[in-house]
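Remarks on the structure that follows.
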Amino acid sequence: MPREASLPAAGSLTRRGLLTAAAAVGGTAVAGPLLSACGKKKTSGPGTTSKNQLSQVLPSYVPNTAIKPDVPGVTGPAGVASDALFLTYPSSPVQTVSGTPGKGGTFTAVTPLWAAIPPSSGNAYYAAVNKAVGAIVRVQPADGNTYADKLPPLLAANKLPQWICIPGWNTTNLDFGTAVGVKFVDLTPYLAGDKVKDYPNLAAIPTGAWQAGVWNGKLYGIPVYPSNAAYVATYFYRKDIFDKHGIKVEDIKTTDDLGNVGKELTDAKAGVWAFDDLIGNSAAWCLQPFKIPQKWAADSSGKLYYKYEAPGMLDALNWQAKLVKAGYLHPDALNANNFNGKQRFQSGKVAVNADGTGAWDGNDAKAGLAANPGYNRQAFKLFSASGTPSVELTNPAGIFSYLNKNLSDAQIKEALALANYFAAPYGSVEWLIANFGQQGVDYTMTGGNPVLTPKGQKEVQTTFEFLATATTPVTVQEGMSQLAKDKAAWHADTVKYAAKPLFYAMNVTEPSQYASIGKQVDDTMNDVKAGRKPISAYQEAVATWRSQGGDALRTFYEGIRDKYGTGQ
């Protein structure tokens with residue numbers, strides 16, 4: 001609990017994993033054509049909104065205080081809170097919506113789904129939700145793997161449904177900064193400022209989560225899977241394996257400390273290695289110990305530098321190359337074969353890996369315990385190559401739903417009332433219905449938490465959450481309460497070191513002609529960290545990147561900063 005889904009190339013993806021993925025990509029669209037020229041500080045490209053404009057269009061934030069978690073979140077210096085913890089679903093759920101929100105309208109909604117498409121005919125779950133909301137929402141889930149291919153024809157042919165979910169990573173081939181104002185409803189008149197108070201559950205979504213739904217000074221997107229404090233990835237270790245070797249995790253405070261346990265954890269003859277790929281590639285999966293930004297950062301003089309140019313990048317590449325030379329990395333990691341990374345970790349072929357924070361859940365624990373009864377995934381507390389640890393927050397929302405511009409005023413208000421129902425918080429009456437359907441039919445309460453019945457397992461999938469979602473707390477899955485406690489504690493500790501990156505939650509439409517110039521740098525990174533090429537090859541690749549558009553991108557973002565600020 002909650003239900004699980006799967007991401008095609010990365011193994012299992014829970015709601016928390018999806019939230020992390022969404023946060024990682026939300027806020028910056030790489031689309032074209034660009035209406036501004038690089039080389040000059042013109043920033044007329046569609047999408048971007050100034051801080052002053054945002055203050056006029058963002059909804060007010062009114063948190064729900066009626067539902068009390070078992071352990072509340074902790075607010076860090078960046079002003080964001082860690083995830084709260086619920087060990088059981090509240091025994092007396094709070095009702096957050098008065099009466100029936102719908103007016104009998106009918107809405108067709110298209111959403112992505114990374115799981116088996118449930119039957120629509122005779123689906124008791126769909127019927128229960130539609131009855132509760134007083135409207136007919138005909139959800140048409142589509143294969144998430146091919147969702148990006150489905151969207152352009154819908155927009156081009158003006159065959160959009162009344163309501164559609166569009167992940168941030170699927171806007172890249174839609175020229176979305178231009179299309180959004182033509183195709184979708186401007187929600188600013190309905191939700192800006194205190195107007196959102198007509199929809200209390202929408203008002204309880206953190207302000208930052210709405211920000212990446214603002215394009216060209218107007219609010220269009222309703223946040224899906226918003227987060228208080230999200231991180232792309234972190235370092236995990238098999239506590240059961242560490243305990244077996246008598247390794248004290250509290251002694252690991254630097255990257256050198258971590259490398260020093262490699263010898264003890266590696267037994268190549270037995271098919272066991274200490275580490276998987278620990279620094280990923282330019283996606284900045286887990287370069288946190290070397291303080292490498294997700295994209296852009298500024299040095300002490302204010303000059304922008306890209307992640308490729310970060311001072312710690314050479315140290316990171318040399319560090320992993322050193323571990324490779326010592327024989328501590330799994331052979332598949334040397335060939336950038338990350339598709340079986342979770343299985344390598346779960347089976348004990350590696351003891352330490354870097355993964356998205358959503359990997360730490362009940363589904364992972366269930367799979368790991370099937371391979372090894374002692375399986376225990378834990379996340380390291382943040383450590384650093386040197387100095388005080390720090391970690392960049394990812395954007396607070398990266399998936400949004402949009403309403404068709406052809407809707408009437410009455411239909412827009414009805415859809416927003418339905419969104420308010422779907423965005424009911426964990427611990428409410430409405431959340432249970434929207435996420436699990438009817439008790440006794442689709443789910444039962446087991447161990448204090450909702451668990452799908454056999455019928456529910458066939459009919460209930462991630463559906464209405466893709467139209468609007470409340471912030472997601474840490475909850476107990478597969479009956480594993482200690483896992484939930486550990487994860488919540490890690491979040492509470494990590495938020496102390498969290499910082500907002502440059503251009504936080506900003507929609508910036510980058511020059512499309514430079515979308516692929518980083519590939520040769522990424523490929524070279526893989527060769528250097530595997531010891532196949534010298535560090536000088538990476539430096540040469542970065543120089544080429546700069547000449548092929550990297551410096552032009554820097555100038556472009558300097559223009560964005562000058563005109564719109566940095567989003568912090």
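The values are calculated or read from the model by the stated rules, or taken from the named source; none is laboratory data. No experiment lies behind these values; they were computed from the predicted model shown. Backbone-built Cβ (ideal geometry, glycine too); neighbour counts: all protein chains shown. Surface areas here come from the heavy atoms of the whole protein model, side chains and all, with no ligands, DNA or RNA. Shrake-Rupley method; radii C 1.70, N 1.55, O 1.52, S 1.80 Å.
Under the condition of being open to solvent by 10 Å² or more (accessible area, probe 1.4 Å) and β-branched (Val, Ile, Thr), which residue from region 477-533 is nearest to the chain's Cα centre (by Cα)?
Checking each candidate, the answer is Ile517.
Pick from Ile247, Ile205, Ile241: which is surrounded by fewer than 23 Cβ atoms within 10 Å (Cβ to Cβ) and assigned to a loop (DSSP other than H, G, I, E, B)?
Going through Ile247, Ile205, Ile241 in turn, the sole match is Ile247.
Suppose we filter region 485-494 for residues that are under 16 Å from Gly356 (Cα atoms) and among the hydrophobic types (A, V, I, L, M, F, W, C); how many remain?
Total meeting the criteria: 2.
Being over 23 Å from Val224 (Cβ atoms), in contact with a helix residue (DSSP H, G or I) (Cβ under 7 Å, 6 or more places away or on another chain), modelled with pLDDT under 50 and of a type outside the set (Phe, Trp, Tyr) narrows it down to one of Gly32, Gly26, so name that one.
Working: Gly26 fails: over 23 Å from Val224 (Cβ atoms).
None of the others qualify; the one that does is Gly32.
For region 542-568, which residues satisfy the criterion of being among the hydrophobic types (A, V, I, L, M, F, W, C) and either within 30 Å of Ala212 (Cα to Cα) or touching a residue at least 40 places away in the same chain (Cβ under 8 Å) (or both)?
Answer for region 542-568, where residues must be among the hydrophobic types (A, V, I, L, M, F, W, C) and either within 30 Å of Ala212 (Cα to Cα) or touching a residue at least 40 places away in the same chain (Cβ under 8 Å) (or both): Val542, Trp545, Ala552, Leu553, Phe556, Ile560.
Which of the residues spanning region 517-540 are more than 14 Å from Trp319 (Cα to Cα), in contact (Cβ under 8 Å) with a residue 60 or more places away in the chain and among the small types (Gly, Ala, Ser)?
The one that is more than 14 Å from Trp319 (Cα to Cα), in contact (Cβ under 8 Å) with a residue 60 or more places away in the chain and among the small types (Gly, Ala, Ser): Gly518.
Does region 208-228 hold any residues that are open to solvent by 30 Å² or more (accessible area, probe 1.4 Å) and touching a strand residue (DSSP E or B) at 6+ places or on another chain (Cβ under 8 Å), and which are they?
If the condition is that a residue be open to solvent by 30 Å² or more (accessible area, probe 1.4 Å) and touching a strand residue (DSSP E or B) at 6+ places or on another chain (Cβ under 8 Å), then Asn228 is the only one that fits.
With (1) at positive phi; (2) among the small types (Gly, Ala, Ser); (3) modelled with pLDDT of 95 or more as the list, and Ala379 as the residue in question, which single condition is left unmet?
(1)
Just the residues that are at negative phi, open to solvent by 20 Å² or more (accessible area, probe 1.4 Å), assigned to a loop (DSSP other than H, G, I, E, B) and at pLDDT 95 or above, please, taken from region 99-116.
Correct list: Thr100, Lys103.
Given the criteria modelled with pLDDT of 90 or more and either more than 20 Å from the chain's Cα centre (by Cα) or not β-branched (Val, Ile, Thr) (or both), does Ser408 qualify? Before you say what the answer is, go through the steps one by one.
Details: modelled with pLDDT of 90 or more: yes; either more than 20 Å from the chain's Cα centre (by Cα) or not β-branched (Val, Ile, Thr) (or both): yes.
The answer is yes for Ser408.
Residues in region 535-552: is at least one acidic (Asp, Glu), open to solvent by 50 Å² or more (accessible area, probe 1.4 Å) and modelled with pLDDT of 95 or more? Steps first, please.
Residues of region 535-552 acidic (Asp, Glu): 540, 551.
Applying the additional criterion that residues be open to solvent by 50 Å² or more (accessible area, probe 1.4 Å) yields 540, 551.
After this cut, where a residue has to be modelled with pLDDT of 95 or more as well, the list is 540, 551.
Yes; the residues of region 535-552 include at least one that is acidic (Asp, Glu), open to solvent by 50 Å² or more (accessible area, probe 1.4 Å) and modelled with pLDDT of 95 or more.
Say we look at region 121-142 and pick out the residues that are assigned to a loop (DSSP other than H, G, I, E, B) and either without any contact (Cβ under 8 Å) to a residue 12 or more places away in the chain or in contact with a strand residue (DSSP E or B) (Cβ under 8 Å, 6 or more places away or on another chain) (or both); which of these is farthest from Thr171 (Cα to Cα)? Let's see the steps before the verdict.
The first filter runs over region 121-142 and keeps only residues assigned to a loop (DSSP other than H, G, I, E, B), leaving 121-123, 134-135.
Restricting the remaining residues to those that are either without any contact (Cβ under 8 Å) to a residue 12 or more places away in the chain or in contact with a strand residue (DSSP E or B) (Cβ under 8 Å, 6 or more places away or on another chain) (or both) gives 121-122, 135.
Details: Ser121: 31, Gly122: 33, Ala135: 29 Å.
Restricting to residues being assigned to a loop (DSSP other than H, G, I, E, B) and either without any contact (Cβ under 8 Å) to a residue 12 or more places away in the chain or in contact with a strand residue (DSSP E or B) (Cβ under 8 Å, 6 or more places away or on another chain) (or both), the top hit is Gly122.
Residues checked against (1) free of Cβ contacts under 8 Å to residues at least 60 places away in the same chain; (2) in contact with a Lys or Arg (Cβ under 9 Å, 6 or more places away or on another chain); (3) of a type in the set (A, V, I, L, M, F, W, C); (4) more than 30 Å from Gln211 (Cβ to Cβ):
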site: Lys325; (1), (2), (3), (4): no, no, no, yes
site: Lys342; (1), (2), (3), (4): no, no, no, yes
site: Gln346; (1), (2), (3), (4): yes, yes, no, yes
site: Asp361; (1), (2), (3), (4): no, yes, no, no
site: Asn376; (1), (2), (3), (4): no, yes, no, yes
site: Ser384; (1), (2), (3), (4): no, yes, no, no
site: Pro389; (1), (2), (3), (4): no, yes, no, no
site: Ile399; (1), (2), (3), (4): no, no, yes, no
site: Ser428; (1), (2), (3), (4): no, no, no, no
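Scan region 158-203 for residues that are without any contact (Cβ under 8 Å) to a residue 60 or more places away in the chain and among the basic types (Lys, Arg) and report the count.
1
Just one of Pro161, Pro189, Pro153 is more than 23 Å from the chain's Cα centre (by Cα), in a loop (DSSP other than H, G, I, E, B) and surrounded by fewer than 20 Cβ atoms within 10 Å (Cβ to Cβ); which is it? Spell out the reasoning first.
On the way: Pro189 fails: in a loop (DSSP other than H, G, I, E, B); Pro153 fails: in a loop (DSSP other than H, G, I, E, B).
The conditions single out Pro161.
Every residue in region 175-186 that is open to solvent by 20 Å² or more (accessible area, probe 1.4 Å) and out of contact with any Ser or Thr (no Cβ under 9 Å at 6 or more places or on another chain), please. Lay out the reasoning, then the answer.
Start the filter on region 175-186 by keeping residues that are open to solvent by 20 Å² or more (accessible area, probe 1.4 Å), which leaves 175, 178, 181-183, 186.
Listed by number, the residues that qualify are Gly181, Val182, Lys183, Asp186.
Would you mind stating whether Ala468 is at pLDDT 95 or above, out of contact with any Lys or Arg (no Cβ under 7 Å at 6 or more places or on another chain) and part of a loop (DSSP other than H, G, I, E, B)? Let's see the steps before the verdict.
Values: at pLDDT 95 or above: yes; out of contact with any Lys or Arg (no Cβ under 7 Å at 6 or more places or on another chain): yes; part of a loop (DSSP other than H, G, I, E, B): yes.
Yes, satisfied.
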